[in-house]
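Following: one structure in C-alpha cells, then a few remarks.
All of the numbers you see were taken from the coordinates with simple rules; none came from a lab. Remember, predicted model here, so these are calculated numbers, not experimental data. Neighbour counts run over all protein chains shown; Cβ positions are idealised from the backbone, glycine included.
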C-alpha cells in the first residue's frame with residue numbers, strides 16, 4: 001500500500017468534486033458557508049485568546065519568542081524558565 005497519489009488522479013478527483021459542488025442548492029451553499037465561517041471564527045478566537053498579552057487564559061511568557069512578561073506574571077513565577 002502506498003500513500004502517494006499521482007497528480008493526474010488528484011486533479012481528476014478535484015474536478016469531480018467541483019462538478020458535484022455546482023449542483024448544490026443555494027440553501028446548502030449558505031449553510032456550509034455559515035458553518036465554515038463560524039468554525040473559523042471560533043478557532044481564531046481560541047488562538048488570539050491564548051496568545052494576546054493580558055488574556056484570561058494562563059500562558060507562559062515564553063510562548064512567543066521576544067515577548068516580555070507583564071509584572072504580574074513575573075511575580076507569580078510564570079516567567080521562570
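Testing the spin-label approximation: label points 7 Å from Cα along Cα→Cβ at residue 22 and residue 45. State their distance in nm.
Spacing of the two 7 Å Cα→Cβ label points: 3.8 nm.
Can you give the Rg/Rh ratio of the range 1-55, where Rg is from the C-alpha atoms and Rh is the Kirkwood radius?
Ratio of gyration radius to Kirkwood radius for the range 1-55: 1.23.
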